[in-house]
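One structure is given below, represented as structure tokens, and several questions about it will come after.
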């Protein structure tokens, strides 16, 4: 259970760790190492002003190198009001059937049914959303906030440790375990762990049948292929049911209808439709033109990956068929091992390029953006799994033999199996090293490096003006380290699982034991991924989702590709035709349904506007609201939030720190005239 009683951020020396709270706080990491002092001071004043205009409380502390950490806290009454509005919208849009009570928004204690991630998400909205939506519009790296490197919630160390200990003692996770992950990190991360758990349980079936097929059935058994594909189909349909069940359980089903515009979305005009909805439009033809850029990208990807894999495969054929020197039986596997080690990095480079391409396409919401990235990532995987490897088996041996003016090399039935074994085993070992060993080593190295730089560069200047309170020292050291970490992107982990599922659907008949390796790997990774989030990444924003998003379609396509590869062409083509027709008709839709939807939206919009107007009138009439908040903060038992409670103190402290650091720069800019 997560505590919501107002306690110290770190408290006195004898205060227990369990009394710290994290649901109402965020950190803004402002780095001014690449700008002059005068500009940095003006930007910092604007930053504090925007945060305080949104009703947020701020405390400024020293960051690593030339940076500041702005701690943000939301007063309980504002947090309740923000969460209440979110719950009302959920009820109006049919996401939940529970109607929030109007009087709850004004209570001083936490709202009933509140969990930690809900509070953290409301703080994120207040910091990140646009001002017309009630936020401070702090968008890291965008617009006027180029020097804001990150905004992130603080890791709840005690809760992380307790949950990790709990998960490590269980072989398989339950829905109650997923509830705890959702309460801590939000629904988006929880859905990943739920998907991975469901996939892990499914792997028991192909692992058992794979061992039996390897022991008793002939190579490339058609019976085993059909059994595996049947299991894959059952898994997909079962996961869809589980996904719907969890989305209802967590009150997020249909939450995509409430998504906001991405900060990077560029629109050319604003229109108001018949239902009163304000829409930011970008011309459709321009969007199509931008999306056409992915065609040459995929052509380039096919050429790069195709030439690389074909060259390696050809070298292996030469070593196995033409080379008769020493160590021939070992050398023939060297090209494949090199490919298995290098291929993830090549694909990672192409995936980064695909992400940049998705940015260029100018998608309106984060969901559409992630869908675009997902599609491109999956196509890259499909190029390798479903196209190039089977093509190599059928064409490269004859091509190499023809070029050498000899009889075409015979197709070796063991060669494809050896390729799959080398690629999967090497890939699994490499992934486990990257996700388990490397994070631990990097965590220790990064902690030492940043602590060393902090104490040997700017620490003296900071300590001269605003020394760390001994009671805060450990806490600030932890937050400074978190500020240096990379944000966590759950899409990367989901991508890994979907690609692995593709290998299973396509190549398990080639090597039936592949599912055994996947089962062992995922059993370990189910826990190591949680540890990775806690140690190697900033705490993720607890974004709400109603499933794993577009990856479910990618998983289904991998299953269909497996059916096609193993001979079920007619079923595949029939399904694809139905899918295309259904998608087109759903986009066209029904005029009556659209009219009814517009009418419902108009009523909901009117209710929300009346609710927000009532809130604004209440705040405007209560002229002493800000003074009362200030008085409450000054009397707060959490001393961390009383040091800069008076108006303008955060500005003064931050500016003094910037000036002190300006004098410590070696060869850098300190003023505009320099």
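The values are calculated or read from the model by the stated rules, or taken from the named source; none is laboratory data. Here the structure is a predicted model, which is why all the values come from computation and not from measurement. Using ideal geometry, Cβ is built from the backbone for each residue, glycine included, and neighbour counts are taken over all protein chains shown.
Residue by residue, here is whether (1) at pLDDT 90 or above; (2) within 30 Å of residue 163 (Cα to Cα) holds:
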residue	(1), (2)
3	no, yes
7	no, yes
12	no, yes
22	no, yes
27	yes, yes
35	no, no
69	yes, yes
73	yes, yes
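Still on this structure: If you take the residues of the range 140-178 that are in contact with a strand residue (DSSP E or B) (Cβ under 8 Å, 6 or more places away or on another chain) and assigned to a loop (DSSP other than H, G, I, E, B), which of them is nearest to residue 188 (Cα to Cα)?
Taking the candidates together, the pick is 153.
Taking the range 258-277 as the region of interest, how many residues are exposed (fewer than 12 other Cβ atoms within 10 Å of the Cβ), at pLDDT 75 or above and in a loop (DSSP other than H, G, I, E, B)?
Selection size over the range 258-277: 2.
Which one of the conditions (1) over 18 Å from the mean Cα position of the chain (by Cα); (2) surrounded by fewer than 22 Cβ atoms within 10 Å (Cβ to Cβ) does residue 206 fail to meet, given that it meets all the rest?
Answer for residue 206: the failing condition is (2).
In addition: Tell me, yes or no, whether the range 221-238 has at least one residue that is in a loop (DSSP other than H, G, I, E, B) and assigned by TED's automatic domain parsing to the domain that holds residue 552.
Within the range 221-238, one or more residues are in a loop (DSSP other than H, G, I, E, B) and assigned by TED's automatic domain parsing to the domain that holds residue 552.
Here's a follow-up. Quick check, is residue 149 more than 18 Å from residue 476 (Cα to Cα) and surrounded by fewer than 19 Cβ atoms within 10 Å (Cβ to Cβ)?
So residue 149 does not fit the description; no.
Same structure, new question: Which residue is nearest to residue 472 (Cα to Cα), if the candidates are limited to the range 53-104 and must be out of contact with any helix residue (DSSP H, G or I) (no Cβ under 7 Å at 6 or more places or on another chain) and part of a loop (DSSP other than H, G, I, E, B)?
101
If you take the residues in the range 27-52 that are over 19 Å from residue 652 (Cβ atoms) and either in the same structural domain as residue 487 (by TED's automatic domain parsing) or not in a strand (DSSP E or B) (or both), which one is farthest from the chain's Cα centre (by Cα)?
Step by step, filter the range 27-52, then rank; the result is 36.
Moving on to the next point. Within the range 168-182, identify whether any single residue is closer than 30 Å to residue 127 by Cα, in contact with a helix residue (DSSP H, G or I) (Cβ under 7 Å, 6 or more places away or on another chain) and without any contact (Cβ under 8 Å) to a residue 40 or more places away in the chain, and answer yes or no.
yes
Table: residues versus (1) under 30 Å from residue 445 (Cα atoms); (2) modelled with pLDDT under 80; (3) surrounded by 24 or more Cβ atoms within 10 Å (Cβ to Cβ).
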position	(1), (2), (3)
504	no, no, yes
513	no, no, no
522	yes, no, no
529	yes, no, no
547	no, no, no
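Let me ask you something else. What are the residues in the range 514-553 that are closer than 21 Å to residue 168 by Cα and free of Cβ contacts under 8 Å to residues at least 40 places away in the same chain, if any?
The answer is 520, and nothing else.
Quick test for you: out of 480, 539, pick the one residue that is at pLDDT 85 or above, surrounded by 18 or more Cβ atoms within 10 Å (Cβ to Cβ), touching a helix residue (DSSP H, G or I) at 6+ places or on another chain (Cβ under 9 Å) and in a loop (DSSP other than H, G, I, E, B).
After ruling out the rest, the residue left standing is 539.
Which one of these is farther than 19 Å from residue 210 by Cα, surrounded by fewer than 19 Cβ atoms within 10 Å (Cβ to Cβ) and at pLDDT 85 or above: 489, 456?
Criteria check complete, one pass: 489.
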